[in-house]
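In what follows, a single structure is set out as structure tokens and then discussed.
The values are calculated or read from the model by the stated rules, or taken from the named source; none is laboratory data. Being a predicted model, the structure only gives us computed values, none of them experimental. Neighbour counts run over all protein chains shown; Cβ positions are idealised from the backbone, glycine included.
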Amino acid sequence: MSFLKGLFSNKAKLGVLLVTILLVFYMIVAGQRGIVLLGAPQLTAKAMGLAYLVLPVVGAWALIRELMFGMNTEKMAHRLAEEGGLPVDDLPRTPAGRIIREAADEQFPRWQAEAEAAPEDWRSWFRLSQAYDASGDRTRARRSMRQAVKLFQAEQASGRS
């Protein structure tokens, strides 16, 4: 019950749950349509049926990959919070709540230098990812977070902390 309470108190997790449910529903429907089309006598229908079966497999792979990425990111954030290593979110914001990019860009070199000085530390890559995100560079933020996840998983596998 506390899981559900926590889920519904976090809008992001609720959104992920809803999108996941919709994607699973889509995969089931696409799979069923694929099976029906495979049974049709026309070659074109069979080809479409095969495509309908491939799409849910790709969707499932992407869904699992993204859910694992999110869970690892959350684990890292909790770990950094326990260690007192999360960057303080004190950047000025617009009235709409968006970070003022110039202020984020001013702080960015600090986090970039930290990652360059400690390239094998997932913590520095996590903070760099947050800096990229604050500066509006989502592509590099995601790439940095993937590097942080990779290093975090290697640390977990080796038993280091």
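For the reader, a short list of remarks on this structure follows.
- Condition met for Q147 (within 27 Å of L23 (Cβ to Cβ), modelled with pLDDT of 95 or more, in contact with a helix residue (DSSP H, G or I) (Cβ under 8 Å, 6 or more places away or on another chain) and of a type in the set (S, T, N, Q)): yes
- Filter result (among the polar types (S, T, N, Q), free of Cβ contacts under 8 Å to residues at least 24 places away in the same chain and buried (at least 18 other Cβ atoms within 10 Å of the Cβ)) within segment 128-139: S129
- Qualifying positions in segment 140-161 - surrounded by fewer than 18 Cβ atoms within 10 Å (Cβ to Cβ) and either under 12 Å from the mean Cα position of the chain (by Cα) or not in a helix (DSSP H, G or I) (or both): R142, R143, R146, G159, R160, S161
- Residues (of a type in the set (K, R) and farther than 23 Å from M71 by Cα) located in segment 7-57: R33, K46
- Taken over segment 32-76, the criterion of being at pLDDT 90 or above, surrounded by 15 or more Cβ atoms within 10 Å (Cβ to Cβ) and under 30 Å from A148 (Cβ atoms) is satisfied by N72, T73, M76.
- The condition of being farther than 19 Å from S144 by Cα and outside any loop (DSSP other than H, G, I, E, B) holds for only one of E116, E82, that being E82.
- Annotation: D90 fulfils all but one of (1) over 23 Å from the mean Cα position of the chain (by Cα); (2) at pLDDT below 90; (3) part of a helix (DSSP H, G or I); (4) within 30 Å of D133 (Cα to Cα); the unmet one is (3).
- Y26 more than 30 Å from E74 (Cα to Cα), at pLDDT below 90 and either in a loop (DSSP other than H, G, I, E, B) or over 20 Å from the mean Cα position of the chain (by Cα) (or both): no
- If the condition is being within 14 Å of G59 (Cβ to Cβ) and surrounded by 13 or more Cβ atoms within 10 Å (Cβ to Cβ), then segment 8-31 contributes T20, L23, V24, Y26, M27, A30, G31.
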